[in-house]
1. Could you give each residue of region 42-52 its phi-based ³J(HN,Hα) in whole Hz, using Karplus coefficients 6.51, -1.76, 1.60 with θ = phi - 60°, and x for Gly or Pro?
2. Once the Cα gyration tensor of region 10-75 is diagonalised, what are the square roots of 5 times its eigenvalues, in whole Å and ordered largest first, as equivalent ellipsoid semi-axes?
3. For Arg43 and Arg73, FRET efficiency with R0 = 25 Å and r from the beta-carbon atoms, rounded to 0.05?
4. For a quick check: with amide H placed at 1.01 Å from N, whose amide H comes under 5 Å from Val34's, ignoring anything fewer than 5 positions away on the same chain?
5. Among Arg46, Arg16, Arg28, rank each residue by its count of other Cβ atoms within 10 Å, from fewest to most, as a rough exposure measure.
Amino acid sequence: MRWPMNGICAQPLLKRIRVPRLGPGRSRRRPDHVLADEAYSSRGFRAYLRKRGIGHTIPEKADQQLQRHHRGRQGGR
């Protein structure tokens, strides 16, 4: 079975994550920030993280940067 590389595999993983607290109380379910490699640089996965309020550091693939550059002013982030 091939897994798609657009963040679909990472979403269930992020739902199962638990971030421990320093003091009393149950662990949090949402991390403050996510680090990922270029395989997770899809628009859908970035939108999922933004919707949940999770900061992210994901480098863009070179072909995505080039495509945005070719679109000119309408292609920016």
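Read the figures in this text as sums done on the coordinates, not as results from a lab. What you are looking at is a predicted structure, and each value in this text was computed from that prediction instead of being measured. We place every Cβ from the backbone using ideal geometry, glycine too, and count neighbours over all the protein chains shown.
1. In residue order, the calculated couplings are 6, 4, x, 5, 4, 5, 4, 5, 4, 4, 7 Hz.
2. Equivalent-ellipsoid dimensions as semi-axes: 31, 11, 10 Å.
3. Step by step, r from the Cβ atoms, then E = 0.85.
4. Gly55, His56, Thr57
5. Details: Arg46 17, Arg16 7, Arg28 12.
Going from least to most buried by this count: Arg16, Arg28, Arg46.
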